[in-house]
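Heads up, the thing below is written out as structure tokens.
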Amino acid sequence: MSNSVLSRAGHRCGGCATAFALVLSAGGAQAGGVTEAFEASKPTANFRLRYETVDQDNALKDAKALTLRSLVGLETGIVNGFSAKIELEDTRIVGGQGDYASPPNGYNTGEYSVIADPEHTELDQAYLQYKSDVFSVKVGRQVITHDGHRHVGHVGWRQDRQTFDAATFTYTAAKDITLSYSYIGQRNTIFGEEADADSSDHLFNAAVKTPIGKLSLYSYQLERDDVANDDLDTYGARLAGDTLVGKNDSVKVLYAAEYASQSKDTASDEMDADYTLLELGAVVSGITAKVGQEVLGSDDALYGFATPLATLHKFNGWSDQFLTTPVTGLEDQYVSLGGSIADVKIGVTYHEFEADEATATVSDLGKELDVVLTRKLGKHYSIGLKYADYDAGDAAAGKVDTEKLWFWLGAAF
């Protein structure tokens, strides 16, 4: 990796390098402390070679991509509570298999279907951290996730995962109460530097362990600096837990419920929408079954509840038809089964989609079948196969039949 690439990456992280040096100095208090931190450091490496195909029922050419994602890093030891971490990320097209589109990067736009894995090299993480028994602060480029990634996540499925230039403060107020606040000054998206955005985001999350599960109370106040009237305020609560029932506690019952209210500023008005989730499941003899309903509400079919910082691929179908919530909103009813056969983990999910507020032309938003198989190969390696088949509903909704297939090999050290 060239020095010029490293310089560009460091520049994109703003004051990360300066803060890195300052906190290491503070943590060591002297040269010996810094030396001790680096002598106890741990290198990390993660590689993923993935082949992806996309077949859509439209005028775009079918897409295919073979890409290699390399993520290498170094995490220092802890000295007086202080530590630091740096990671570099690179994605390359392998064997000339790059017949796909990545519109934010201007790559084959309008010719092929989209595969959101542009070639890139960047600083993935570079942060400084202080930890005590009850308090921690992390400053710099970092991964931030909350409550299963529904509102804030790292989009780790894509080759360029999402990170944030941020300061995060965590306080353990009591044994079962954890408070977290993050200020985000830049969103580093899955499309590389071309799609990164300056922001003024405030994330508040309180996690409380209760006898019936984890209760999360949150407030996410988002604003992109380069977009006028972009304030997006979300307030919500989530409860998720499990309990053992049956003879000899042979059945684990899973449950989750969530509600959130959102307001969105526009040039002429303020839009409001609600979010609800109800999910029930059970684990029996190693097989997990779930059924649920997720509703991203609508404001008079003019605006749909949005989660722009989420790991969106995880929700509403792996074909990624609903990365942006339709203005009619989205109701997702789903059922899933998961288990293992001969060390192969298998997951199957079926979705039926409808508009939350139907119009004269849009009601049925389609259905989707998702299947995934994964297997660990020893301590460091893994292999996976994944398939998504989306059957479009109302033509007026702008969706088309879509099939996606992935095959990958992973290595982590």
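The values are calculated or read from the model by the stated rules, or taken from the named source; none is laboratory data. Model, not experiment: these values are computed from the prediction. Methodologically, a virtual Cβ is constructed for each residue, glycine included, from the backbone with ideal geometry; neighbour enumeration extends over all protein chains shown. What goes into the accessible areas is simple: the full protein's heavy atoms, side chains included, and nothing from ligands, DNA or RNA. Shrake-Rupley method; radii C 1.70, N 1.55, O 1.52, S 1.80 Å.
Numbers for the structure displayed
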read-out	value
Some residue of region 159-181 being among the hydroxyl-bearing types (Ser, Thr, Tyr), open to solvent by less than 10 Å² (accessible area, probe 1.4 Å) and within 29 Å of residue 410 (Cβ to Cβ)	yes
Close pairs from region 158-187: first among the basic types (Lys, Arg), partner in a strand (DSSP E or B) and open to solvent by 30 Å² or more (accessible area, probe 1.4 Å), Cβ under 9 Å, at least 6 apart	175/209; 187/198; 187/224
Residue satisfying all of: in region 374-396; open to solvent by 30 Å² or more (accessible area, probe 1.4 Å) and among the aliphatic types (A, V, I, L, M); farthest from residue 317 (Cα to Cα) among these	377
Which numbered condition residue 283 fails, given (1) closer than 17 Å to residue 233 by Cα; (2) surrounded by fewer than 19 Cβ atoms within 10 Å (Cβ to Cβ); (3) not basic (Lys, Arg)	(1)
Selection from region 100-112 of residues that are assigned to a strand (DSSP E or B), surrounded by fewer than 22 Cβ atoms within 10 Å (Cβ to Cβ) and in contact with a Pro (Cβ under 9 Å, 6 or more places away or on another chain)	107
Within region 225-254, considering residues that are open to solvent by 70 Å² or more (accessible area, probe 1.4 Å) and modelled with pLDDT of 95 or more, the one nearest to residue 200 (Cα to Cα)	235
Among the residues listed as 357, 331, the single one being part of a loop (DSSP other than H, G, I, E, B) and open to solvent by 20 Å² or more (accessible area, probe 1.4 Å)	357
Elements of type strands (runs of 3 or more DSSP E) contained in region 230-302, each with 2 or more residues being small (Gly, Ala, Ser), touching a residue at least 24 places away in the same chain (Cβ under 8 Å) and farther than 23 Å from residue 357 by Cα	232-245, 270-284
Residues within region 125-142 that are buried (at least 20 other Cβ atoms within 10 Å of the Cβ) and aliphatic (A, V, I, L, M), tallied	3
The one condition in (1) open to solvent by 60 Å² or more (accessible area, probe 1.4 Å); (2) touching a helix residue (DSSP H, G or I) at 6+ places or on another chain (Cβ under 9 Å); (3) not small (Gly, Ala, Ser) that residue 337 fails to fulfil	(2)
Residues (touching a residue at least 60 places away in the same chain (Cβ under 8 Å), under 22 Å from the mean Cα position of the chain (by Cα) and open to solvent by less than 20 Å² (accessible area, probe 1.4 Å)) located in region 46-99	50, 52, 54, 67, 69, 89, 91
